[in-house]
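Reviewing the structure listed below.
The values are calculated or read from the model by the stated rules, or taken from the named source; none is laboratory data. Small disclaimer: the values here were computed from a predicted structure and weren't measured. Ideal geometry is used to build each Cβ from the backbone, glycine not excepted, and the neighbour counts take in all protein chains shown.
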Amino acid sequence: MNEAKKMGVGQIHWSMVGALITFLLFPLFSVICPVRANGPPDSKGYDTQYLELTEQKARAERLFRKGVAAKDLKEKERLYLEVLKLWPSYAPAYNNLADVYEKQGRFKEAIKNYEMASYLAPEVAFPYFGLGDVYFKLGGFGRASKSYQKGLKIKPDDELAGRRLKLAQALSKKIVFDFDSCSLTPEAKKLLKEMARAMKAPELKGMIFEIAGHTDSIGTEGYNFRLSIRRAMAVKEFLVKECGISSKRLSAKGYGEDRPLASNDTGEGRRRNRRVEVRGRLKIGQNIIKNGVLLPRMLQGEKGR
């Protein structure tokens, strides 16, 4: 048998095997990758599904543009919610809906939607700026700082976010005290002057502040509670007398040892816990923002006259 005949036999053999494999696998291949038929697509095929999805997105974009153009906040809310029914992963709608809730004073809902927008579009700065603005209004200066920093990494030239970041960072500083002391250290006085400058900023004119005193766990609870009040009062007095902040904007409150920042088992942890923190609440006319909700005066627990 010569070489040519050997190759001929081999070719016949492998072509038969190939045909058999194709015959056996073709039905499976057809299920995985259906062949497009001639004529109109089947109503259950993915051609129609894709077109329907495309039309839904197009309709959602039209509604989104109407929402942007609308003047009434309720109408904006309605349109953005309709958009999200058609396109549940559309980040701009979450962002703009959050902006509506922020303007309405519905801050918990605003936070939720800004967070969803930043999750869906982490490369976009505006949801982070929105979160920063909400936390800023709520007096959560630490969280505001973190949100602004994330946004500024993406869009470092945003002047408003940059300015508010500096204010939030100043007001999120901790005033630390020596052991068993309510006297302000030179470093504490320096930080308080920086805080006072931030309190006088135009963005914070409508904000009132709680001066919250804390202690470590050494000593009795009663003694530490009274010490925390003295620390808060020392800070308030300095801000009023030395920095010109109105006493009407400040309230002093002691928390004793109940809210530690760090473990009281170490010297460094105890040092961090001997502190005063500043928390803000935005006051708008006769309303105060508390816990993410805009409360009318009648719901604030204030007695009528």
Practice prompt. Identify the residue in region 199-215 that is among the small types (Gly, Ala, Ser) and buried (at least 20 other Cβ atoms within 10 Å of the Cβ) and, among all such residues, is farthest from Arg274 (Cα to Cα).
Written response: Ala212
Fill in: Matching option when the condition is in contact with a strand residue (DSSP E or B) (Cβ under 7 Å, 6 or more places away or on another chain), surrounded by 23 or more Cβ atoms within 10 Å (Cβ to Cβ) and among the hydrophobic types (A, V, I, L, M, F, W, C), among Leu171, Leu131
Leu171
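Every residue in region 182-198 that is without any contact (Cβ under 8 Å) to a residue 12 or more places away in the chain and either out of contact with any strand residue (DSSP E or B) (no Cβ under 9 Å at 6 or more places or on another chain) or β-branched (Val, Ile, Thr) (or both), please.
Correct list: Thr185, Pro186, Lys190.
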Worksheet item: Looking at Glu242, Glu203, which is the one that is on the phi < 0 side of the Ramachandran plot and within 30 Å of the chain's Cα centre (by Cα)?
Response: Glu203
Worksheet item: Looking at region 54-112, which of its residues are surrounded by fewer than 20 Cβ atoms within 10 Å (Cβ to Cβ), over 22 Å from Gly140 (Cβ atoms) and basic (Lys, Arg)?
Response: Lys57, Arg59, Arg62, Arg65, Lys66, Lys71, Lys74, Arg78, Lys85
Fill in: Spans of helices (runs of 4 or more DSSP H) in region 81-156 with at least 3 residues more than 13 Å from the chain's Cα centre (by Cα)
91-104, 141-154
Practice prompt. Could you please tell me which pairs satisfy a Cβ distance under 9 Å, a separation of 6+ or placement on different chains, a first residue in region 66-80 that is assigned by TED's automatic domain parsing to the domain that holds Ala98 and under 10 Å from Leu97 (Cα atoms), and a second residue that is of a type in the set (Gly, Ala, Ser) and part of a loop (DSSP other than H, G, I, E, B)?
Written response: Lys76/Ala70; Arg78/Ala70; Leu79/Ala70
Worksheet, complete the sentence: Apart from one, (1) buried (at least 17 other Cβ atoms within 10 Å of the Cβ); (2) at pLDDT 95 or above all hold for Gly280; the odd one out is (2)
